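Derivation of every value follows stated rules applied to the coordinates shown; laboratory data play no part. Fair warning: this is a prediction, and the values are worked out from it, not measured in the lab. Neighbour counts run over all protein chains shown; Cβ positions are idealised from the backbone, glycine included.
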Amino acid sequence: MTGFAAVVFAFVVVAFLALMLRWTYGTGRISGPSPDGKSSDFGLLHEVAVGNSAGEANALRAVLSDANIRSTTADAGRGRVRVLVFAADLQQARTLVGPGSTH
């Protein structure tokens, strides 16, 4: 193979691999409805509180973490942040963060 043919062959192989990777992994877009902060379906997680800011939600998460309760956050729209826990920890988490689910 000559030098030019080797370069063309290498380019064809790289282009083929790039096409295969794009076909396999797609464009990076997630199919389905886009998150708009209005969904209440969080799979195995349940809302325990809604903070008025990320800082407030993180403070609630710290309280839960001190009690060995795993938690995460999700956008609730308009700057508010949901605090989510697993169902097994829901009652204990609600006891810790106080009455009601909005803080």
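Structure notes:
- Contacts under 6 angstrom Cβ, first residue in region 86-97 being touching a residue at least 40 places away in the same chain (Cβ under 8 Å) and aliphatic (A, V, I, L, M), partner surrounded by 15 or more Cβ atoms within 10 Å (Cβ to Cβ) and in a helix (DSSP H, G or I), 6 or more apart: 93/64; 97/60
- Selection within region 67-95 - polar (S, T, N, Q) and farther than 19 Å from residue 53 by Cα: 68, 91, 92, 95
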